[in-house]
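A short reminder: the numbers here are calculations on the coordinates, not readings from a lab. Remember, it's a predicted structure, so these values are computed and weren't measured experimentally. Positions of Cβ are generated from backbone atoms using ideal geometry, with glycine treated the same way; all protein chains shown enter the neighbour counts.
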Amino acid sequence: MRKGVIAVTVLLVVGGLSAVLYSRSNSRSDKGYKLVEVTRGPVVEKALAVGAIRPKREIAVKSKISGIVKHSFHEVGDRVAAGEPLFEILPDPTPLELTEAKRELDMSKNAYDQAKKRHERSETLSKQGILSNQDSEQADKDVEEARIKLNLSTERLALLQKGRTQGASSHVESIIRAPISGTVLELLVNEGDPVVPLTSYQAGTALTNLADMSTLVFKGTVDEIDVGKLHEGMPARIKVGAIPDSAVEGRVYKIAPKSKTAEGATLFDVEIELLPTNGVTLRAGYSANADIVVREKKDVLLLPERLVTFTDGKASVEVPGAGETEPVKKEIKVGLSDGINVEVLEGLKQKDSVVERPPKKIE
């Protein structure tokens, strides 16, 4: 009998407590809001950079002679050493170019022969004391200039006919060699494609892109709103789209001094060097986002920023009123924000409750 009474009493007590808690909970819910506690944790102010993983050093290889691609020695992905052959270019001069080169060579030969005869005559007159030193020196210069022009004409014709020539100070041939050691990223021409040479007045045909894949960096852009907060050496965390479960640490090492405009936005280029990746395999061209750490604090009071109202430069929140009264407005002082949570400097303590109103419905 006594056990039955005790059981009934316990049930009544538990039921009473549940009813009280339910009543209190409903009283908040009925009034159209819920409570959120002030917590502790880290807060990080970040600047977002959008870009991709790129080689730090990438070179477009071009030809110094015109012609047609005769042979390609490598495929995409091949590693090459500096000086290795990449392409063979078959010279393809027009009949007019050959005719002009031959005529130029004949004229240069005649000019050199005439200059040489004048030089020999000037030497004879100089020994006899008839010719001044100034005239003798001029004859020396004339014959030297004529000799240089003859050599250039000879080399030009050889280049057009054979695809290679060896000058006194330079070597040009139809075999295009790797200027650096690296990886073939892409082949931009096929065998049989025409090639325009690189000169002082034209860009020339890009044959392939080579890159040193041992040093990859993040290259991207940040908005003008954030660039003023950045400086070289800031830490960054790079999230690669193709590897969502991994992140790469890095440091900002270059910030563009001049902006550029893209789709109506003003942006600044930034480059971030990547720290050792601990087994994460990166490839050139991976899209990525970088969170650049502007400021960071640990173990501070935090509150969802959506609960804070800013009026005339002052921050405030709503807190529960005493008893059953309506919530009251309380002024607080806030600090660092990460766009989601904000640091509370004054006005609230850990585990204090703040009112969260439901979003207003748009009718």
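Please report, in debye to the nearest 20, how large the charge dipole of the chain is about its Cα centre when each Lys and Arg carries +1 at its beta carbon and each Asp and Glu carries -1 there.
On the way: 52 positive and 53 negative charges, 278 e Å.
Computed about the Cα centre, the dipole is about 1340 debye.
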Assigned charges on the beta-carbon of Lys, Arg, Asp, Glu; the stretch 154-305 dipole about Cα centre (debye): 400 debye
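Any number yet on Rg/Rh for the stretch 184-291, C-alpha, Kirkwood? List each step's numbers first, then the result.
Details: Rg = 17.6 Å, Rh = 16.5 Å.
Using only Cα positions, Rg/Rh for the stretch 184-291 is 1.07.
Not counting the cut sites, what is the longest span of the chain without trypsin sites (Lys or Arg not before Pro) that DSSP labels loop and that have at most 12 other Cβ atoms within 10 Å?
Details: sites that count: 258, 283, 349, 351, 360, 361.
That would be 1-257.
Work out the length of the dipole vector of the stretch 241-362 about its Cα centre, built from +1 on the beta-carbon of each Lys and Arg and -1 on the beta-carbon of each Asp and Glu, and round it to the nearest 20 debye.
Numbers: 18 positive and 20 negative charges, 41 e Å.
Using only the charged Cβ atoms, the result is roughly 200 debye.
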Residue separation times 0.36 nm, minus the C-alpha to C-alpha distance between residue 278 and residue 147: what's the value? 41.0 nm
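Quick check of the Kirkwood formula: for the chain, what is the inverse mean of 1/r over all pairs of different Cα atoms, in Å? Provide the component values of the computation, followed by the final result.
On the way: mean 1/r = 0.0344 Å⁻¹.
One decimal place: 29.1 Å for the Kirkwood radius.
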For the chain, take the longest principal axis of its alpha carbons; what is the angle in degrees between that and the long axis of helix 2-30, to the nearest 10 within 0 to 90? 50 degrees
Hey, any idea what Rg/Rh is for the stretch 308-350, computing Rh the Kirkwood way over Cα pairs? 1.02
Sorted from largest down, give the three principal axis spans of the alpha carbons of the stretch 237-285, whole angstrom values. 37, 22, 17
All other residues with a Cβ under 12 Å from the Cβ of residue 354 taken together, and with Lys, Arg as +1 and Asp, Glu as -1, what is their net charge? +2
Top of 278, 289, 341 by mean-square fluctuation, Gaussian network on the chain, Cα under 10 Å: 278
For the Cα atoms of the chain, what angle does the longest principal axis make with the long axis of helix 95-127, in degrees from 0 to 90, nearest 10? 60 degrees
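Rounded to the nearest 500, what is the chain's calculated 222 nm mean residue ellipticity when only DSSP H runs of at least 4 contribute -39500 (n - 2.57) each, over all residues? Before the final figure, lay out the partial values.
Working: 4 runs with 96 residues, N = 363.
Calculated at 222 nm, the ellipticity per residue is -9500 deg cm²/dmol.
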Neighbourhood net charge (14 Å Cβ-Cβ; Lys/Arg +1, Asp/Glu -1) for residue 58: +3
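Evaluate the relative contact order of the chain (contact order divided by residue number), counting alpha-carbon pairs under 8 angstrom at least 6 apart; express in whole percent.
Details: 686 pairs, mean separation 96.1, N = 363.
RCO, the chain: 26 percent.
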Farthest towards the positive end of the dipole of the chain, among 175, 339, 38 and with Cβ unit charges of +1 on Lys and Arg and -1 on Asp and Glu, lies the Cα of 38
